[in-house]
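As structure tokens, the structure follows; a few thoughts come after it.
The values are calculated or read from the model by the stated rules, or taken from the named source; none is laboratory data. No experiment lies behind these values; they were computed from the predicted model shown. Here the Cβ positions follow ideal geometry from the backbone for every residue, glycine too, while neighbour counts run over all protein chains shown. Ligands, DNA and RNA are excluded from the accessible area calculation, which covers all protein heavy atoms including side chains. Shrake-Rupley method; radii C 1.70, N 1.55, O 1.52, S 1.80 Å.
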Amino acid sequence: MDKFTFSYPTKVYFGEESAAQAFGAELGKVGKTVMLAYGGGSVKKNGVYDEIKSLLEQAGKTIIDFSGIMPNPTYAKVQEGAAIVRKQHVDFILALGGGSVIDCCKVISAQAVLDEDIWEMEYSKGQFPTAGIPIGAVVTASGTGAEMNAGAVITYEEKKWKGPVFGTVASFAVLDPAYTMSVPPMQVFSGAFDTLSHAMETYFGSSDQNNVSDDLALAVMRNTVVNMRRLLKNINDRQARSNLMWDSAMAENGILKCGRLTDFQAHQMEHQLGAYTDCNHGQGLAVIHPAYYRHIVKDAPEKFARLAKVVFDVDTAAGGVQALESFIKECGLPTKMGQLKSTVEITPEVLRQVADTCNIIKVGPRELSRDEIYDILMECL
Ligand code: NZQ
Ligand code: ZN
């Protein structure tokens, strides 16, 4: 194991009707004015917004609505939210949604108490926020694990950049699988594939072979695949959704990353693909992963073989990559760029820009060149 510091600041309330339990325990600790932040309206259609609003009212809170947080949240939306927090003297931010809403709120929280621009601070000065308006998260779509970490992924449209911005970690998170039952099947599988990707990308970073973080990552991968297959049989299998919800949190709450470095090269490619196309995160990953792994399977043969055996019950490293690709097809996820919903036509020129701008990871199985990243992306076209 490498040197690490681990802290666990988010109190998790998991299970049905856990919002009432969480609010009863937590809302007394925060001020009166609560910003209730959400996305494009799914929470109004499925009744979750009304339920949460009513619980906030019962707790005597004044509610400031902040709606319209888009998938792949933008820097402009962060600034809009931060301005409202300041103007309305918001005491607490409640993020009600998936990774996009939670990420946006984490950065709004930090930006609202800063005099300087958070993007400039983090990207130009390499400094990170140490304070923020307290926040809580009610997860309505799982996959990212955003509810249990401080990192957010924000798109700066003018800069054509989608990348990490560190904000405030939620003090508590409500994970009620019932709230996810209205998530459309394609988003359910996209989110679950994101979880699988997080565990794989963590596993393929640098580490000693016999560390417990890798063993746990393999367990999360296997469990994610098992429960995705359950959902292929019955999309309304509540236990499977519940299992995936905890897999999602486990993959990104830091436990799998203890004492080791992480790869996340597929994520770097996908984030820049998202910056250029606004594609769905999990679906972009589903397209990129098999091609990326075909390129690096010879650089970590033992690790690939172990994953192949534990997760897909096949005997060879290359067979494991094939099994991953087949599994993606089995789930009905996109396998080619042309199947992604994109704001622009995905051409070789677009992929060249993605390859030329994405971060390159130095601690994965092998450091890729920009030309090889371009080749990988072109294989997905
Ligand atoms: O906007 P609404 O109307 O709510 O609809 C959303 C959205 O269209 C819908 N949805 C959410 N809950 C629902 C629901 N529809 C019906 N019923 C419900 N209960 O689902 C759609 C996708 O939501 P979104 O939040 O965008 O999805 P996800 O949770 O996959 O989050 C993706 C974002 O998180 C970032 C991604 O890059 C992307 O921007 N990530 C964040 C990470 C983190 N903070 O740790 C790590 C990840 O690697 C990832 O990069
Ligand atoms: Zn992800």
**Q.** Inter-part distance where region 179-248 and region 144-166 are each reduced to a Cα centre, Å
**A.** 21 Å
Q.
Restricting to Cα pairs below 8 Å that are 6+ residues apart, what does the relative contact order work out to for the chain? Please round to a whole percent.
A. 16 percent
Q) For 296, 346, what's the largest-to-smallest order of accessible area, 1.4 Å probe? A) 346, 296
Q: Please list, or write none, the lysines whose alpha carbon is within less than 18 Å of the alpha carbon of residue 341, excluding same-chain residues fewer than 8 places away.
A: 160, 162, 329
(Q) With bins 5 Å wide starting at 0, give me the P(r) of region 11-179 over every alpha carbon pair, in whole percents. (A) 2, 9, 20, 24, 21, 13, 6, 3, 1
Q) Say each of residue 294 and residue 1 gets a label point 7 Å from the Cα, pointing the same way as Cα to Cβ; how far apart are those two points in nm? A) 3.9 nm
(Q) Tell me the relative contact order for region 185-379 as a rounded percent, counting alpha carbon contacts under 8 Å between residues six or more apart. (A) 26 percent
Q | Set of lysines with alpha-carbon distance to residue 32 below 26 Å, sequence-local pairs under 8 removed | A | 11, 44, 53, 61, 77, 87, 106
Q | Point-to-point label distance, residue 345-residue 14, nm (Cα→Cβ direction, 7 Å offset) | A | 4.7 nm
Q.
Which of rounded, prolate or oblate describes region 319-381 when judged by the alpha-carbon gyration tensor and an a/c cut-off of 1.5?
A. oblate
Q: Once you have a ≥ b ≥ c as the square roots of the Cα gyration tensor eigenvalues for region 183-278, tell me rounded if a/c is under 1.5, and otherwise prolate or oblate according to whether a/b is larger than b/c.
A: oblate
Q. Using a 1.4 Å probe on the protein chains only, how many percent of the accessible area of region 165-291 belongs to carbon and sulfur?
A. 54 percent
Q. Roughly speaking, what is the stretch gain from residue 322 to residue 45, that is 0.36 nm per residue apart minus the C-alpha to C-alpha distance, in nm to one decimal?
A. 95.8 nm
Q) For helix 370-379, what angle does its Cα long axis make with the longest principal axis of the chain, in degrees from 0 to 90 and rounded to 10? A) 90 degrees
Q | Ordering of 33-43, 331-341 by packing [mean C-beta count within 10 Å, highest first] | A | 33-43, 331-341
Q. With axes computed from alpha carbons, what is the tilt in degrees of helix 185-203 against the longest principal axis of the chain, rounded to the nearest 10 within 0 to 90?
A. 70 degrees
Q: Please tell me the relative contact order of region 11-179 in percent, rounded to the nearest whole number, where contacts are Cα pairs under 8 Å and at least six residues apart.
A: 28 percent
Q: Can you tell me the order of 183-195, 363-375, 3-15, 53-65 when each peptide is scored by its average per-residue count of other Cβ atoms within 10 angstrom, highest first?
A: 183-195, 363-375, 53-65, 3-15
Q.
Let's test the formula: R0 of 25 Å, r as the Cβ-Cβ distance of residue 83 and residue 123. What FRET efficiency results, to the nearest 0.05?
A. 0.75
(Q) Using only the alpha-carbon atoms, how far is helix 265-277 inclined from the longest principal axis of the chain? Give it as 0 to 90 degrees, nearest 10. (A) 60 degrees
Q | Cut-off 11 Å (backbone N to label point 7 Å along Cα→Cβ of residue 232), residues of region 188-209 | A | none
